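Okay, so here's the structure we're looking at.
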Amino acid sequence: MAETEMVSTSNINEIIGFLTAMVTPALLISATGSLVLSTSTRLGRVVDRVRQLEDRLSVLIYSEDKERIPLYDKRVEVVVDLLDKVTSRSRILQRAMGTFYYGLMFFILTSVSIALVGLLDIYRWLPIPLGIVGIMFLFYGSVLMLRETRMAAKTVNTEMDFTWELAREVAPESVAVKYAQRGKYGGMTPAKLTNVTKVSKTSRDE
């Protein structure tokens, strides 16, 4: 009787260990799926942004009164620069999404290999390299997403810098002198000056 109980307890422990091993890849699969979804959403927004910039560029190019548009040359330059940045972002997002799908595939293979090991008791080492490869794909995809996030911040800063330059160009002098020029390194400082009679030194873009 005691021997039967020991065998039963041993079987239960093996089953619990087997189920625990099966759950771990499932959690990684869920996390990778969330990353795929968020990356796909960001890619869709970037594609919409590219189309908007194309429309803006077309309007500028085919405008008949170019001389009446404030900072026309600068506008075209900024839009082209933004198109370059956004296009690079879309390519990085596509690569990241592909990387996450590869990681997802290896995590599923890891889960399947664990089931095969439990059923057939062969190739006990197989789930380990499969899981490691999946984790490496997940890491590389995260690095790509970090790079894309930094590029997104640069895109926003570029557009905001031009907006401030345009505002100072078209705003009345009595209004413009109250604000310091926005720049690459001056974006974190308060915009409005404490003393409206003096204008602080403009921050440089480079």
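The values are calculated or read from the model by the stated rules, or taken from the named source; none is laboratory data. This structure is a prediction, so every number in the text was calculated from the model and none was measured. Because the Cβ atoms are built from the backbone with ideal geometry, glycine has one as well, and the counts that use them run over all protein chains shown. Surface areas here come from the heavy atoms of the whole protein model, side chains and all, with no ligands, DNA or RNA. Shrake-Rupley method; radii C 1.70, N 1.55, O 1.52, S 1.80 Å.
Here are the numbers for this structure:
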item: Cα gyration tensor, the stretch 77-176 - rounded (a/c under 1.5), prolate or oblate; result: prolate
item: Ranked packing of 36-43, 90-97, most packed first, by mean Cβ within 10 Å; result: 90-97, 36-43
item: Shape call, the stretch 33-136: gyration tensor on alpha carbons, a/c limit 1.5; result: prolate
item: Computed accessible area, Glu169, all protein chains, 1.4 angstrom probe, square angstrom; result: 110 Å²
item: Probe 1.4 Å, accessible area per residue of the stretch 14-150, Å²; result: 64 Å²
item: Rounded if a/c under 1.5, otherwise prolate or oblate - the stretch 137-179, Cα gyration tensor axes; result: prolate
